[in-house]
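Structure first, then comments.
The values are calculated or read from the model by the stated rules, or taken from the named source; none is laboratory data. All values reported here derive from a predicted model rather than from experimental measurement. Note: ideal-geometry Cβ built from the backbone for every residue, glycine included; neighbour counts use all protein chains shown. Accessible surface is based on the protein model in full, side chains and every heavy atom, while ligands, DNA and RNA are left aside. Shrake-Rupley method; radii C 1.70, N 1.55, O 1.52, S 1.80 Å.
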Amino acid sequence: MKILSIGNSFSQDAHRWLHQLAKLNGHDFYINNLFVGGCSLQTHWEDHEAGNAASSLEINGNLGKTFITIADALKLEDWDIVTLQQASRFSGLWDSYEPYLSNLAQLVKTICPNAQIYFHQTWAYEKDSTHYGFVHYDHDQQKMYDAIVDASEKAAEKLNAPLIPVGRIIQGLRRNLPEFDYGNGGISLNRDGFHLTYDYGRFAAAATWIKKITGKDVFAPKFEDFDPVILEKICNFVNKEIR
């Protein structure tokens, strides 16, 4: 399965373990990420219109060295899936999505008519995040989460696209697994208040993508040097929540 994400560092988080975890679960994923740090839908569209080779092309979770235009990336393969997402600071602000979301979706459909578009739902910042964009949500994680759910569901509905609910899974892990109850001494799933941690945060995102795309349960009896008990809990939660 060939997957291209038109994204930023949040799709970079989701992709880091995606190829490796998919392979462990018997799936052959070839994944490319168009990385521009903090890139919004508007900036991606404006770069396309200007013909800017602004995106670093990352393959199978590895850092990219080649810069490419969105149009040229769409022409690289007969993509099965192309994902879109909003920049994290704007992810709960529906007014920031259009017309750029629809414009990018139309570009994908024109160049890759056989591709299925998915919308990647990103996550709320940590409770004590110092990210400047947190001000849009009054520095309130729950308020940001609710806004992201509302906007991402609108985006998916507008595109008639499946939603990859990473934001919902991350928030659910925070609420339901004591290990990730950060407010009460648990591990944060964010390494800097907004990006996912290199281990369990990124693992949970990859598991969410695999479960949503394949419809099959995700397992990881052994993965890197991560705690297998925690991995099992994450997989069980993802498998239960995504049907």
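Table for the structure above
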| quantity | calculated |
| --- | --- |
| Test result for D95, acidic (D, E), modelled with pLDDT of 95 or more and open to solvent by less than 40 Å² (accessible area, probe 1.4 Å) | no |
| Meets criteria (buried (at least 22 other Cβ atoms within 10 Å of the Cβ), under 18 Å from the mean Cα position of the chain (by Cα) and assigned to a helix (DSSP H, G or I)) for L101 | yes |
| Residue in region 114-127 that is open to solvent by less than 10 Å² (accessible area, probe 1.4 Å), among the hydroxyl-bearing types (S, T, Y), assigned to a loop (DSSP other than H, G, I, E, B) and in contact with a strand residue (DSSP E or B) (Cβ under 8 Å, 6 or more places away or on another chain) present | yes |
| Any pair with Cβ under 6 angstrom, 6 or more apart, that starts in region 18-41 at a residue that is aromatic (F, W, Y) and ends at one that is part of a loop (DSSP other than H, G, I, E, B) and modelled with pLDDT of 95 or more | F29/M1 |
| Options L21, L76: the member that is of a type in the set (A, V, I, L, M, F, W, C) and not in a helix (DSSP H, G or I) | L76 |
| Unique residue being buried (at least 20 other Cβ atoms within 10 Å of the Cβ), part of a helix (DSSP H, G or I) and of a type in the set (G, A, S) when the list is A14, A71 | A14 |
| Restricting region 150-163 to residues that are open to solvent by 10 Å² or more (accessible area, probe 1.4 Å) and touching a residue at least 40 places away in the same chain (Cβ under 8 Å), the residue that is nearest to the chain's Cα centre (by Cα) | L163 |
| Any hit, region 217-235, residues being modelled with pLDDT under 95 and among the small types (G, A, S) | yes |
| Selected residue [open to solvent by 30 Å² or more (accessible area, probe 1.4 Å), assigned to a helix (DSSP H, G or I) and hydrophobic (A, V, I, L, M, F, W, C)] from V108, V135 | V135 |
| Any hit, region 35-42, residues being open to solvent by less than 20 Å² (accessible area, probe 1.4 Å) and either assigned to a helix (DSSP H, G or I) or of a type in the set (D, E, K, R) (or both) | yes |
| Single unsatisfied condition, S5 versus (1) within 22 Å of D192 (Cα to Cα); (2) out of contact with any Phe, Trp or Tyr (no Cβ under 7 Å at 6 or more places or on another chain); (3) of a type in the set (S, T, Y) | (1) |
| Qualifying positions in region 46-56 - buried (at least 19 other Cβ atoms within 10 Å of the Cβ) and either aliphatic (A, V, I, L, M) or in contact (Cβ under 8 Å) with a residue 60 or more places away in the chain (or both) | A54 |
